[in-house]
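Heads up, the thing below is written out as structure tokens.
The values are calculated or read from the model by the stated rules, or taken from the named source; none is laboratory data. All figures in this text were calculated on a predicted structure; none of them were measured in a lab. Note that each Cβ is placed from the backbone with ideal geometry, even for glycine, and that neighbours are counted across all protein chains shown. Heads up: the accessible areas ignore ligands, DNA and RNA and are worked out on the full protein's heavy atoms, side chains in. Shrake-Rupley method; radii C 1.70, N 1.55, O 1.52, S 1.80 Å.
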Amino acid sequence: MNEQTWHAVDDWFTERLIGADDALDNALAASAKAGLRSINVAPNQGKFLHLLARIQGAKRILEIGTLGGYSAIWLARALPPDGQLVSLEYSPENAAVARANIAHAGLAERVTIVTGLALDSLDAMLAEPTPPFDFVFIDADKSNNAHYLDRVLKLSRPGTVIVADNVVRSGRIADDADHEADVAGLRRYFEKAAADERLDTTAVQTVGSKGWDGFASTLVGA
Ligand code: SAH
Ligand code: DHB
Ligand code: MG
């Protein structure tokens, strides 16, 4: 068992369950051409997020960390025609690539990319009347995850689903000697999630084409 096997299994599933997809394939090709790092979710993970958002019946989705818009396309496709995805991205260059990829996917009307530091964008949303989001995907700088959770809860309602990416980091989450900022931020995220009585949270490890990592999933209660 090794990374090569994990990759082969992801390819096996992706070939059979997703296949060629012009919008998604274009998004990855254009992102690579623009020099973006290929740290997007894997295709089978993107489809998992898409299915979760559909199961939830989401009409308003918030994403923190757009990159080239790959996960945004999966999430926006889960929305009804009048649904909205708001995706927060620090880099104007990444946002420009994402906007083009989302337009190519025919989803421009359903997606708004807000550039700037995500904490600032979240605080700006909190400063004005903003309807709650039904589904939230947190996938930016992990050092800020606990702060994101704090803001996201104020933009949520009972029933909101919150998924955070990359919470395992090749096992580093459980290595007490690892004090790197992202890993420390992830631990604070779990501490906050576990301590909040309104929240039910679990985390599942994943292996695959993106290595060994995992998702945390939270249901907001009353
Ligand atoms: N969700 C994407 C991948 C996101 S990668 C996908 O799966 O397709 C993480 C992104 O978060 C990068 O584009 C990075 O520029 C952005 N980011 C990092 N720190 C940020 C911050 N403080 N505010 C907003 N975006 C940030
Ligand atoms: C990194 C970020 C991600 O969102 C991801 O899925 C993988 C890696 C990173 O910053 O290294
Ligand atoms: Mg990620």
Take Met125, Met1 and sort them by solvent-accessible surface of the protein heavy atoms, 1.4 Å probe, largest at the top.
Met1, Met125
Lysine pairs meeting the criterion (Cα under 26 Å, 8 or more apart or interchain), as found in segment 3-220
12
Once the other residues with Cβ under 12 Å from the Cβ of Thr201 are scored (Lys, Arg +1; Asp, Glu -1), what is the net sum?
-2
The alpha-carbon pair-distance distribution computed for segment 3-220, with 5 angstrom bins and whole-percent values, is 1, 7, 15, 19, 21, 18, 11, 5, 1, 0
With label points built 7 Å along Cα→Cβ from the Cα atoms of Ile39 and Ala174, find their separation and express it in nm.
2.4
What percent antiparallel are the DSSP beta bridges of the chain, to the nearest 5?
45
Could you work out the relative contact order of the chain? I mean the mean sequence separation of Cα pairs under 8 Å and 6+ apart, divided by the number of residues, in percent.
19
Per-residue ellipticity at 222 nm attributable to helices in the chain (runs of n ≥ 4 DSSP H, -39500 (n - 2.57) apiece, nearest 500 deg cm²/dmol) works out to -13000 deg cm²/dmol
Given Ala222, Ala127, Ile113, which one lies farthest toward the positive end of the charge dipole of segment 87-222, if we put +1 on the Cβ of every Lys and Arg and -1 on the Cβ of every Asp and Glu?
Ala222
Please state the shape class of segment 1-43: rounded when a/c is under 1.5, otherwise prolate if a/b exceeds b/c and oblate if not, all from the C-alpha gyration tensor.
oblate
The percentage of the accessible area of segment 3-220 (probe 1.4 Å, all protein chains present) made up of carbon and sulfur atoms, to the nearest whole number, is 55
Taking the dipole about the Cα centre of the chain, with the C-beta of Lys and Arg at +1 and of Asp and Glu at -1, give me whichever of Asn26, His104, Pro92 is farthest to the positive side.
His104
Quick one: dipole size for the chain, taken about the Cα centre, charges +1 on Lys/Arg Cβ and -1 on Asp/Glu Cβ, in debye to the nearest 20.
440
7 Å from Cα along Cα→Cβ at both Leu219 and Glu128: what's the point-to-point distance in nm?
3.4
